[in-house]
Amino acid sequence: MLNTSKALFIYLQRPDNGEWVTVGRYQADPVGGTGRFKYAPSYVDAGLTWAIDPVNLPFRPKDDRPASRYNALHDILRDTCPDAWGQTLLRREHSLPEGTRLVRYLVLASNADRWGALAVGTRAAPVVAQLSYPRLHQLPLVVQELAAMSEQRPAVDGGLRRRLVQAAAIGGARPKATLRDDEGQYWLVKPRIASDIADIPSLEHVGMQWGAASGLNFASTVLHPASEGRSAVRVLRYDRIGDRRLMCVSAASLLQAEYPDNLGQTDRWSYPRLAEELHIIGAPEEDRRELFGRMVFNAVCGNDDDHVRNHAILYRHEQQRWRLAPAFDVVPNPLETPRRLTLQLSAGRFDISRLAVLADAHCFGFHNSEEAGRYLDTLLARVANGFDQVAHWLEPEWQEILRTRMQQNVALLGSNWPG
């Protein structure tokens, strides 16, 4: 059995030169239910000062910081753990029971495919293995293998299956795999699965392309309409620039809010609170306006899966600051038109309405409600025009569904929208 009370060393790929360094040490005590992190003396002595989490683990070299969530695992380390899909693969691979502690997944997951720029090991010096990723021309085979894994069928290709299990550290609930293209960029591939009630990859592609066409900062996507009989969407990984990994922190960590929240304490799940955190960590005002735009866009398109792990920040070394990461996992609800979002639009309000959107507009950097209202109306026009640019990706039935949804929600949010 893995001894999770043994000290774990946390490695960081430096944002300036790409070298791996030991940034700190995590010590878990499963019996006492505690966990502590401290920046490594070697990191301090080298004059390095990057904080791996600007809110929960600011760079204070003398501090030995306890973890208060996730069964004593620090938020940023939870960010680097696998989510539902990766945990499922690791449970099968290692015969783990349901309810396995997150720290176990943290250790068992491969460093090669973790989100962000952190890695984990039991040695004081960094040891980060490289993974041979499938290439873009193998996408049809990857789609087949992911489908077989999702449905618990035998491997289509044993070697590929082993590689995909090795890359089980990436987040999210749906089956996915990382591919590398001929230019050296990394993409997440997410295929349609048997339980889908609609063509989810197409809906995600349209949601992402629609957001970009509306002038918002959304991750790039490519739709593969029928790869081996299953559609798949390919999403550019914003935490990679070639082989360089970027430091990332989830909105859950910024807001000090657990996800999933089994106790129902979602008071911290809030767009205005997230905007305020962006301001505190030094992100520019344009990022708060961008977040406002994403909130409005999610309301219009009906993406109510906008939880705290579906937003993030990343560190831009060339700017020496944290920035809002590109939007990701934006999928219009395939079952119904939501009347609420998962994050609060303003204090205590989850409902899709103009009043809810504008009530805390000052948190997003607007000087007054009139300025915010003008910005909102301009944004609604951009979103409506953006839909016309991407609707061709949809079947006629879905074009009508989403157009009707858009018109209804624009009417709820707009001041003098015709019709």
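A compact table of results
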read-out: Aspartates and glutamates with Cα under 13 Å of residue 190, excluding same-chain neighbours fewer than 8 positions away; value: 145, 199, 204, 329
read-out: Local electrostatic count at residue 168 - Lys and Arg +1, Asp and Glu -1, tallied over other residues with Cβ under 12 Å; value: +4
read-out: Magnitude of the charge dipole, the stretch 123-269, Cβ model with Lys/Arg +1 and Asp/Glu -1, debye to 20; value: 440
read-out: Accessible-area value, residue 270, 1.4 Å probe, nucleic acids and ligands omitted, Å²; value: 10
read-out: Rounded percent of accessible protein surface that carbon and sulfur make up, the stretch 263-351, 1.4 Å probe; value: 43
read-out: 24 Å tail of the calculated P(r), the stretch 205-338, as % of Cα pairs; value: 33
read-out: Per residue accessible area of the chain, 1.4 Å probe, in Å²; value: 42
read-out: With DNA, RNA and ligands ignored, accessible area of residue 34 (1.4 Å probe; Å², nearest 10); value: 70
read-out: Hull-based mean projected area of the stretch 263-327, where the convex hull spans the alpha carbons, in square nanometres; value: 4.8
read-out: Within the chain, longest stretch free of exposed GluC sites (Glu not before Pro) [DSSP loop, at most 12 other beta carbons within 10 Å]; value: 184-317
read-out: Check: the stretch 1-129 dipole with +1 on Lys, Arg Cβ and -1 on Asp, Glu Cβ, in debye; value: 320
read-out: DSSP bridge orientation in the chain - percent antiparallel, rounded to nearest 5; value: 95
read-out: Estimated FRET transfer efficiency when R0 is 22 angstrom, pair residue 316-residue 265 (beta carbons, to 0.05); value: 0.10
read-out: All-pairs Cα distance distribution in the stretch 340-379, expressed in whole percent, bin size 10 Å; value: 33, 54, 13
read-out: Cβ-based charge dipole, the chain, positive-most Cα from 99, 55, 141; value: 99
read-out: Estimated inter-spin distance, residue 367 and residue 197, nm [label 7 Å along Cα→Cβ]; value: 4.7
read-out: Net charge over other residues, Cβ less than 9 angstrom from the Cβ of residue 69 (K, R count +1; D, E count -1); value: -1
read-out: Sulfur and carbon atoms: percent of accessible area, the stretch 362-419 [1.4 Å]; value: 51
read-out: Positive-end residue, the chain charge dipole about Cα centroid, Cβ charges, pick of 331, 37, 210; value: 37
read-out: Per-selection Kirkwood Rh - the stretch 310-413 (Cα, Å, 1 d.p.); value: 16.0
read-out: Cβ charges +1 (Lys, Arg) and -1 (Asp, Glu), total dipole of the stretch 262-324, debye; value: 140
read-out: Rule-of-thumb Rg ratio for the stretch 202-251 [Cα; 2.2 N^0.38 Å; N residues]; value: 1.35
read-out: The chain, helix-only ellipticity at 222 nm - DSSP H runs n ≥ 4, -39,500 (n - 2.57), divided by all residues, nearest 500; value: -10000 deg cm²/dmol
read-out: Accessible area of the stretch 28-165 belonging to carbon and sulfur atoms, whole % at 1.4 Å probe; value: 50
read-out: Overall form of the stretch 115-219 per C-alpha gyration tensor (a/c, 1.5; a/b vs b/c); value: oblate
read-out: Calculated Cα extents along the principal axes in Å (choose from (1) 64, 51, 41; (2) 104, 43, 39; (3) 73, 61, 42), label; value: (1)
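The values are calculated or read from the model by the stated rules, or taken from the named source; none is laboratory data. Here the structure is a predicted model, which means the values were calculated and not measured. Backbone-built Cβ (ideal geometry, glycine too); neighbour counts: all protein chains shown. Accessible surface areas use protein heavy atoms only, side chains included; no ligands, DNA or RNA. Shrake-Rupley method; radii C 1.70, N 1.55, O 1.52, S 1.80 Å.
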